[in-house]
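In what follows, a single structure is set out as structure tokens and then discussed.
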Amino acid sequence: MKILIVDDSKAMRMIVMRHLRQAGYGDAEFVEAANGIEGLAQVSSEEPELVLSDWNMPEMNGLEFLRSLRSSGSEVAFGFVTSESTPDMHLLARDSGAIFLIAKPFTVETFRETLDAAGVI
Amino acid sequence: MADPNLVQTWMHAMVDSTDELATSTLGLEGISVLSELMPTQRDLPGSYVALVGDQFNFEYGVAGTWDSFGVLARTLLFMESDEELGDDDLADAINEVINIVAGGVKRRMSEIDAGLKLGLPAFFNGTLHPTSHQEALSSKIDIGGAEIYLMVFRHKS
């Protein structure tokens, strides 16, 4: 499985990858991007099966990234991993085509349960 | 009329949010509060982020020595204490700490100010100088062996 992790923080991309490996996704291939613009290019070139994206990023934020993906016809599974997680943002994420939103700070169990519930294999 | 306990309330939310980070992603027992509600610390490096709402405007920050930030960053990144960590990676990790902590504050305080928006964090190494238009507080904590300061600045309306 190929997973694209989009976050402007290199530290957070490392942390997410480590948590995913511990959550049972140790065989996954990870690709990275630092914002939505780079994320769009990576989706096009790498064709990931899952995108995990931060919300607050420079250049193009996560919500704009998701909307650009969907307007281009991409149906790639998409989830947010973000420090912001108000009920309004959960609703906005779902309405825009995300299948889940993981709030920071998270645990390995958070990833395991969320991805299992979302049917992401 | 200004609430004299307002900044304290928002500082307590920050302490709670930092404890949540410690006990979840960092896998620690929790944080220890060493000193509460002190004047802000000067001449220390730190990461800061704006939390701006319809009613309130805050800057949240974490400040500490390079050594304490090294301990905290290595904990966050699951690195050994003797592993090499460059300044850019350290600053990136500390930026992520304040980003997560301030996000937790936003979640806790969104019922008080539903319009809160979180900015992007920035790392500074210099002197902080709150003006007469700002209220400021800090609390010193121990998080995984790193002694750091949690800082809150409120812009008076």
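General remarks:
- Comparing B:Ala136, B:Ala102, B:Ala122 in a Gaussian network model of chain B, where Cα atoms under 10 Å apart are tied by springs, the biggest mean-square fluctuation is seen for B:Ala122.
- Carbon plus sulfur fraction of accessible area for the protein assembly as shown, probe 1.4 Å, in percent: 46
- Considering only A:Leu92, A:Leu66, A:Leu52, the Gaussian network model of chain A with Cα springs below 10 Å gives its largest mean-square fluctuation to A:Leu92.
- Length-normalised contact order of segment A:2-118 in % [C-alpha pairs under 8 Å, at least 6 apart]: 25
- With a cut-off of 10 Å between beta carbons, the residues surrounding B:Ala13 carry a summed charge of +2, where Lys and Arg count +1 and Asp and Glu -1.
- Percent of beta bridges antiparallel (DSSP, the protein assembly as shown, rounded to nearest 5): 65
- Convex hull volume of the C-alpha atoms in segment B:1-141, normalised per residue: 110 Å³.
- Residue among B:Leu90, B:Val52, B:Gly103 farthest towards the positive dipole end of the protein assembly as shown, charges placed on Cβ: B:Val52
- Rel. contact order, % - alpha carbon contacts under 8 angstrom, at least six apart, chain B: 39
- For chain B, the 222 nm mean residue ellipticity estimated from helices alone, with every DSSP H stretch of n ≥ 4 adding -39500 (n - 2.57) and the total spread over all residues, rounds to -11000 deg cm²/dmol.
- Cβ-based net charge around B:Glu96, under 14 Å, with every Lys or Arg adding one and every Asp or Glu removing one: -2
- Among the GluC sites (Glu not before Pro) in segment A:47-121, those located in a DSSP loop and surrounded by at most 10 other Cβ atoms within 10 Å of their own Cβ are A:Glu75.
- Residue among A:Ala33, A:Ala41, A:Ala93 with the largest mean-square fluctuation in a Gaussian network model of chain A, springs linking Cα atoms under 10 Å: A:Ala41
- Within segment B:129-157, backbone nitrogen closer than 19 Å to the virtual label 7 Å beyond the Cα of B:Arg42 toward Cβ: B:129-140, B:149-154
- Peptide A:55-65, shielding by other chains (average Cβ, 10 Å cutoff): 1
- Centroid-to-centroid separation of segment A:47-121 and segment B:100-132 [C-alpha atoms, Å]: 23
- Order of exposure, largest accessible area first, which applies to A:Ile3, A:Ile37 with probe 1.4 Å: A:Ile37, A:Ile3
- Electrostatic dipole magnitude of the protein assembly as shown [Cβ: Lys, Arg +1; Asp, Glu -1; Cα centre; debye, to 20]: 660
- With only Cα atoms counted, segment A:56-121 has Rg and Dmax values of 12.0, 33 Å.
- For the listed residue pairs A:Lys2/B:Lys117; A:Lys2/B:Lys106; A:Lys10/B:Lys156; A:Lys10/A:Lys104; A:Lys104/B:Lys117, the alpha carbons are over 23 angstrom apart in A:Lys2/B:Lys117; A:Lys2/B:Lys106; A:Lys10/B:Lys156.
The values are calculated or read from the model by the stated rules, or taken from the named source; none is laboratory data. Please read these numbers as outputs of a predicted model, since none were measured by experiment. With ideal geometry, Cβ positions are generated from the backbone for all residues, glycine too; neighbour counts draw on all protein chains shown. All accessible areas refer to the heavy atoms of the entire protein, side chains included, with ligands and DNA or RNA removed. Shrake-Rupley method; radii C 1.70, N 1.55, O 1.52, S 1.80 Å.
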